[in-house]
Amino acid sequence: MFGKIQGFISGAKMAEISCLQGRHILVTGCAEGSLGFATALQLLEQGAVVSVTVRNNSAAIAEALCQHLDRSYHQNIHAFDLDLSLYDSVESFVQAYKETDLALDVLINNAGIHLDLMSRWDSPQLSADGFEIQWRVNYLGTAHLTYRLLPLLQDSAMTSGDSRVVNVVSQLHSKGLNSEFFNPQRPYTSWNAYGQSKLALVHFTRSIDTHFSKDGVTSYCLHPGAVYTNVAGKGLADTGIIEKIRKALAPVEKLFLKTPKQGAQTQIHCATAAKGVLMSGKYYRNAQIAVASTEADDSDVAEKLWLELKSWLAANQE
């Protein structure tokens, strides 16, 4: 009964089930209880070969997935450590993935962070290489990973004609401003920084479509909806009474929010729906095209960010 009531309140729309045998899919950010974990689990159940990443102890995630699956699916699970905040970790992962000789048909960029939900930071928290941490993980690390894997996606597209990049963004990309990419003026808040990172990822989705759809590599971005996952728990860590109140009210919160499985449906839709059903370069919500921020509709900004990414990657290769 609880499940029926929760499903009605959340308004979750489920993706159509399709056979994915022969498809190789990579899902980042697959900690237990996450959208990524739920996504990987469903894709495995539909027959795909699925590679998953977490920042560390990937073997434990592989074992956790096995516990939910019939033994016949276990051989389709591949797990890797990957920290998107570290350049060397991305490079090491790409090398390790290539060494497996696995193909890559779909990359689901699910990993991301939303920190400081109580807006306690009055200045940016920086990554080891000096970037605002949410920008570093949500956009720069994700774009770096995708760029390095594009040759594998192109190779698969030559065979199947259908390779995809699926970027999990957020409706909070509306907090981002194009002007802030190149000449930041706003006082720092972690919420604006999060929105800025997600707006950049919306632009990146457009860039993949612009530069690679001709090769059969399409791209999609999406808002998963309001989901009860461990992201908010991390964002409220060390907030004292607020953290305790959230834990106490968890049953009520779960009633009104999507479950991870429900929240995973739009990214599964973008990853698995018939190609003719989707429109490359677009923003999705509840398994259908939605209206993105007006800031997202600027091809010049998308191209400038694309060129800056390529320049940064080239500089790091020297």
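For the reader, a short list of remarks on this structure follows.
- Cα-projected label distance for Asp300 with Asp162, points at 7 Å along beta-carbon direction, nm: 3.8 nm
- Prolate is the label for the range 84-192, because the ratio a/c of its alpha-carbon gyration tensor axes (a ≥ b ≥ c) is 1.5 or higher and a/b is greater than b/c.
- P(r), alpha carbons of the range 261-303 - 5 Å bins starting at zero, rounded %: 5, 20, 28, 18, 16, 11, 2, 0
- Between Glu32 and Gln75, the FRET efficiency estimated from the beta carbon spacing at R0 = 22 angstrom works out to 0.60.
- Selection from Leu201, Pro260, Gln75 lying farthest towards where the dipole of the chain points positive, charges on Cβ: Pro260
- Protection proxy ranking for 167-177, 307-317, using the average of other Cβ atoms within 10 Å per residue and placing the highest first: 167-177, 307-317.
- Extreme residue, positive dipole direction of the range 102-218, given options Asn138, Ser190, Val166 (C-beta unit charges): Ser190
- Built amide H within the under 5 Å cut-off of Lys282, gap 5+: Cys221
- For the range 276-318 and the range 75-153, distance of Cα centres in Å: 16 Å
- Dipole magnitude (debye, nearest 20) for the chain, charges at Cβ of Lys, Arg, Asp, Glu: 1080 debye
- Note on the range 1-137: along the principal axes its Cα atoms extend 47, 46, 24 Å, ordered by decreasing extent.
- Sequence-distant contacts, meaning Cα pairs under 8 Å at least 6 residues apart, place the relative contact order of the chain at 21 percent.
- Taking each residue as 0.36 nm, the span from Gln95 to Cys66 lengthens on full extension beyond its C-alpha to C-alpha distance by 7.9 nm.
- At full extension, Trp191 and Ala226 could sit 11.0 nm farther apart than now, given 0.36 nm per residue minus the alpha carbon distance.
- Expressed in Å, the radius of gyration and Dmax of the Cα atoms of the range 45-110 are 12.3, 36.
- Overall dimensions of the chain as given by Cα atoms, namely Rg and Dmax in Å: 18.7, 59
- Residue order, fewest to most beta carbons within 10 Å, for Val166, Val137, Val52: Val137, Val166, Val52
- Among 143-150, 14-21, sorting by the average number of other beta carbon atoms lying within 10 angstrom of each residue, highest first, gives 143-150, 14-21.
Just so you know, all these numbers are worked out from the coordinates, no wet-lab data involved. On a predicted model such as this, the values are computed, not experimentally measured, just so you know. Every residue, glycine among them, receives a Cβ derived from its backbone with ideal geometry; neighbour counts consider all protein chains shown.
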